[in-house]
Amino acid sequence: MSSSWAPLAHTMGLLSGLFSLEDTPATTEPDFREGEPIKCVEELRRIIERAESEGVESEALDDIKSRLEELEQEAQKELTITICHAVSGEAVAVVRARPTDKVVAVLREGVLRETGDALVALRFVVDLQVLNENETFEEVGIKDGDRVLVVRSPLRCLTAAFDGTCRVCSLSDGFSRDEAIVAVESGPVLSASLSPCGGHVLAVCSGGDGCVRDSYTGDLEFHLSGWAASAEWSPDGRRIVGASDTGAARIWCASTGRCLQVLSGHSDDVKSASFSPDGSMIVTASADGTAALWEAESGRLVVRLSGHSDIVRSAAFSPDGAWVLTSSMDATARVWSSSSGVCARVLTGHSKALSGAQFSPDGLRALTASFDGTVRVWDTQKGECLQMLPAENNVVNAASFSPDGSSVLVASASESLRLFCADTGECRFTLSGHEDWVRVAAFSPDGMLVASGSYDGTARIWSALDGQCIQMLEGHEGAVVTAAISAC
């Protein structure tokens, strides 16, 4: 009998011994020919109904009913897929799935279950093509009995702190661990990020200094020309955009630090600047109460987004680039068309100013964080609040969707952070271990891990599957303001 169905015979035996029903099947293992699993699940359901009709109440019955639900889901899985190591060809795991299941999520869970190796990036390959996170088995064309290759690569973690240092280290226990690279900057680091290829670190320090360093050696490559209050990479890693001085934003060359364009047009400080997913547009948020859309290549102002009654703290594109989400000190967020600049939705409900907002990975929902001590999840099509998530001590330090949009991570004014279900608002895990408030937290690209940074000067790596701390990263002497995991 297949090991996948071994629990079923055991469950039948439990029922027989527990209820002693005359028509309960014998405890011998059933013959699992083609079609038998569904037949046996139906028989098990009938037995449970008989027990309930006779007034049997037992914790064991509840456990068996829970197991029945699992078996019913298992019965729907039509595909058996073998995952093999891309280099050796050896089988790593065998998984069962439905054609409509997300392929990468199922394969990743199967590998983790067999190996327990959470500190590596897993990429799955079929016909020389790397599988996409959002594709199903049906969409990819994977059939019953097929083989999928898995490629393992080390994960790296970038941390930055008020002590003026950035550190990059390898997390994987399965690879030789790199020593942390320390880069001393000209003042407290306000933000830092790895380039899309992983080879460079972009850091912005107090005093307006932005610079790029080699992520493996820590060597300084160049400073950004002019003042930089914030900075982020373009999707292709060839340009950098950020807030600058005198109500402007700047676009820099990511190879030299030379200023390519100055985006002038706001009448007050620029609070944020971000590229569109394809890198062709830039959106800025300003203290003048507006956001603006610009052509990235020419620096031309395309349209101004007017409607907020106070400072606009952030602005970001939807994953498909069709929409822009803004958050404001007026306690609202707004959804705008990026093509026309028309406001399509106003998200109202917070009682105090917003500190940030972001789209879900599918663009159908939005997340807002507020100084009222809550995080809200919204339907962006209807403008309705779907969930309200409380922050500890009424302070939200960081909030983000998981890469698949199923979870929301919230860091508050406490030594712990919490992981919520985005659909129900239920708290799945509380991640505890820091000795001071958690300032920043983010998911790994595959959503399996969480990195957090704290005022205690440490960063921690957590499992998003069970909430357990996997690793603690020490060495900083000030509050950690960046903690990010990269697969590059």
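The values are calculated or read from the model by the stated rules, or taken from the named source; none is laboratory data. All values reported here derive from a predicted model rather than from experimental measurement. Positions of Cβ are generated from backbone atoms using ideal geometry, with glycine treated the same way; all protein chains shown enter the neighbour counts. Accessible surface areas use protein heavy atoms only, side chains included; no ligands, DNA or RNA. Shrake-Rupley method; radii C 1.70, N 1.55, O 1.52, S 1.80 Å.
Taking only C-alpha pairs under 8 Å that are 6+ residues apart, what is the relative contact order of the chain in percent?
On the way: 1264 pairs, mean separation 38.2, N = 488.
Taking the mean separation of contacting Cα pairs over the length of the chain, I get 8 percent.
Rounding to the nearest 20 debye, state how big the charge dipole of segment 316-421 is about its Cα centre with +1 on each Lys and Arg Cβ and -1 on each Asp and Glu Cβ.
The calculation lands at about 200 debye.
Computed from the C-beta positions of Val87 and Thr430, the FRET efficiency with R₀ = 30 Å rounds to 0.15. May I ask you to give the percent of accessible area on segment 111-177 that is carbon plus sulfur, with a probe radius of 1.4 Å? Roughly 46 percent, rounded to a whole number. Relative to the longest principal axis of the Cα atoms of the chain, the long axis of helix 6-19 lies at roughly 60 degrees.
Would you mind telling me the share, in percent, of accessible area of segment 192-305 contributed by carbon and sulfur at probe 1.4 angstrom?
Details: 2100 of 4340 Å².
That share works out to 48 percent.
For the pair Ala413 and Asp219, the difference between a 0.36 nm per residue extended length and the Cα-Cα distance amounts to 66.3 nm.
Once both axes come from the Cα atoms, what is the angle between helix 59-75 and the longest principal axis of the chain, in degrees from 0 to 90, rounded to 10? For helix 59-75, the angle is close to 70 degrees. Angle of helix 36-53 to the longest C-alpha principal axis of the chain, folded into 0 to 90 degrees and rounded to 10: 80°.
Simple spin-label estimate for Ser267 and Arg46 gives 7.8 nm between the two label positions (7 Å along the Cα-to-Cβ direction from each Cα). Using C-alpha pairs under 8 Å with a sequence gap of at least 6, the mean separation divided by the residue count of segment 380-479 gives a relative contact order of 18 percent. Between Ser280 and Glu295, the simple label model (points 7 Å from Cα in the Cβ direction) yields a spacing of 1.2 nm. With a Cα cut-off of under 29 Å and a minimum spacing of 8 residues unless on different chains, the lysine pairs in the chain number 13. Here each label is just a point 7 Å from Cα along the line to Cβ, and for Cys385 and Gln129 those points are 4.3 nm apart.
Given a 1.4 angstrom probe, I'd like the percentage of the accessible area of segment 393-447 that is carbon and sulfur, rounded to a whole number.
Values: 890 of 2190 Å².
Carbon-and-sulfur percentage of accessible area, whole number: 41.
What segment 267-351 shows is 39 Å² of accessible area per residue, with the surface traced by a 1.4 Å probe over protein heavy atoms. Dipole size of the chain about its Cα centre, with +1 on Lys/Arg Cβ and -1 on Asp/Glu Cβ: approximately 1700 debye, rounded to the nearest 20.
First measure r as the distance between the Cβ atoms of Thr256 and Ser153, then evaluate 1/(1 + (r/R0)^6) with R0 = 51 Å and state the FRET efficiency to the nearest 0.05. If you can, show how the numbers build up before the last one.
Working: r = 29 Å, r/R0 = 0.58.
For R0 = 51 Å, the calculated efficiency reads 0.95.
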